[in-house]
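Here's the structure we're looking at; comments come further down.
None of the figures in this text is laboratory data; all of them are computed from the coordinates on show. Please read all numbers here as calculations on a predicted model, not as lab measurements. In this analysis, Cβ positions are derived from the backbone assuming ideal geometry, glycine residues included, and neighbour counts consider all displayed protein chains.
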Amino acid sequence: MAIWDFVKDAGKSVFGKAEAAEAKPAPASPPPSAGPAQDPDTTRKVAALKAELKALNLDKDDVHLTLRGDIVKVESKGADRETLEKLVLALGNIEGIAKVEADLPEQDKAPVFHTVKKGETLSAIAKAYLGSANKYNAIFEANRPMLSDPDNIYPGQTLRIPQD
């Protein structure tokens, strides 16, 4: 299981400002015999995460989310590697989420993610990773549907860098 860190205070607000700002510590793991009982607030937040994935057309029937404080675990048996990477990014780029855990299918290369810094553009990121500023559209396409415009990126946002 891999864990990716995200900027907790950056991203789309799906929980509401008050809930995103107040971090609740992750509770201790329940004993193995305990069921997946969740408090109503956690259930509401998971529903908000699922609604965001649905809005991005990333919520398939086999996507399962577990929320512990500011950590989301995502599981999907039917998703390919690209879809799982997009799920990780879609969840991690939500305000109030600090870490995302997921098992990615085996591959020779680890995924390459980039956290946007103030003043960066997709062209500058493309030049740094892909060798040419003109390849910005490859990064844009690799981050669809989370990005709807190549000019609308923000500091703290994490982007997937294609490795083709």
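Counting charges near Pro105 (Lys, Arg +1; Asp, Glu -1) among other residues having Cβ under 11 Å from its Cβ returns a value of -3.
Rounded to 0.05, the FRET efficiency of the Asp62 and Thr42 pair, given R0 = 22 Å and the Cβ-Cβ distance, is 0.60.
Modelled spin labels at Ala55 and Lys117, positioned 7 Å past Cα toward Cβ, are 3.0 nm from each other. One chain, two ends: Ser132 and Ala110. Fully extended at 0.36 nm per residue, the span grows by 5.8 nm beyond their Cα-Cα distance.
What does the net charge come to around Ala79 if you take all other residues with beta carbon closer than 10 Å to its beta carbon, with K and R at +1 and D and E at -1? Value of the local net charge: -1. Charge tally around Gly119: other residues with Cβ under 15 Å, Lys/Arg +1 each, Asp/Glu -1 each, net +1. A straight Cα-to-Cα reach below 24 Å connects Lys54 with the lysines Lys8, Lys12, Lys17, Lys45, Lys73, Lys77, Lys86, Lys99, residues fewer than 8 places away in its own chain not being considered. Size descriptors for region 112-161: radius of gyration and Dmax over Cα atoms are 9.4, 24 Å. Multiplying the residue separation of Asp103 and Arg144 by 0.36 nm and removing their Cα-Cα distance gives an extension gain of 12.7 nm.
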